[in-house]
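Below you'll find the structure, written out as structure tokens, and then a few comments.
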Amino acid sequence: MKGFRAWMKDRYGTLDEVNRAWNHAFWSSRFSDWEEIDFPIQKGREPWMTEYVRFQSDNFLGFACEQRDAIRKFVPNAVTTSNGSEMSGWLRLDTLYRELGYAATDTYVKGSAVDRAKWMWGLSRGLTGRQRPFMVAEMGPFSWEADKKNGDDDLVAWVDDAVKHGAEAVLFFR
């Protein structure tokens, strides 16, 4: 909690600015003390949750960059990445992969989700700030199609599609 409050203070400077930016004059919901800002679980205020999601994304980015820097201390040209599922909904993948320099997405295809996977693969090519190959860091047969007889044929098709969309590596999970 202290980290979120410190992040908010750094971002907004004052509680008056938080109240102004979040339109907290509405319904008399103004903050009068930084201690009133806690985790936004079930608080019903969209700006609060939005800022918490940004805070979490920034924290993850900081951690990932610390790991990248530790690795590059010993291997200066090391390629670094991290799993980045589009399903997370809170991680700024564009910021993460611009910092790390290489995009990696998770793909668990289920029936009609093939089109969503293709969309994510296309997006992943540009997440580093320029068009380049990416990696499917996790792919698995978590669907009825892959569980049926000849399900391996579906996996082969998904890998083929990922490569056609720019994946230069596909790793299987489980």
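The values are calculated or read from the model by the stated rules, or taken from the named source; none is laboratory data. Every value quoted in this text rests on a predicted model; they were computed, and no experiment measured them. All Cβ positions, glycine included, derive from the backbone under ideal geometry; neighbour counts span all protein chains shown. Remember, those area values only see protein heavy atoms, side chains included, never the ligands or the DNA or RNA. Shrake-Rupley method; radii C 1.70, N 1.55, O 1.52, S 1.80 Å.
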Would you call Arg68 in a helix (DSSP H, G or I) and more than 30 Å from Glu99 (Cα to Cα)?
-> no
Would you check if there is a residue in segment 21-29 being closer than 23 Å to Leu91 by Cβ, open to solvent by less than 40 Å² (accessible area, probe 1.4 Å) and out of contact with any strand residue (DSSP E or B) (no Cβ under 9 Å at 6 or more places or on another chain)?
-> yes
Can you find a residue in segment 89-104 that is part of a helix (DSSP H, G or I) and exposed (fewer than 13 other Cβ atoms within 10 Å of the Cβ)?
-> no
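To keep it simple, each residue is scored yes or no on (1) modelled with pLDDT of 90 or more; (2) over 17 Å from the mean Cα position of the chain (by Cα); (3) on the phi > 0 side of the Ramachandran plot.
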| position | (1), (2), (3) |
| --- | --- |
| Asp94 | no, no, no |
| Tyr97 | yes, no, no |
| Ala104 | yes, no, no |
| Tyr108 | no, no, no |
| Leu123 | no, no, no |
| Arg130 | no, yes, no |
| Lys149 | no, yes, no |
| Asp152 | no, yes, no |
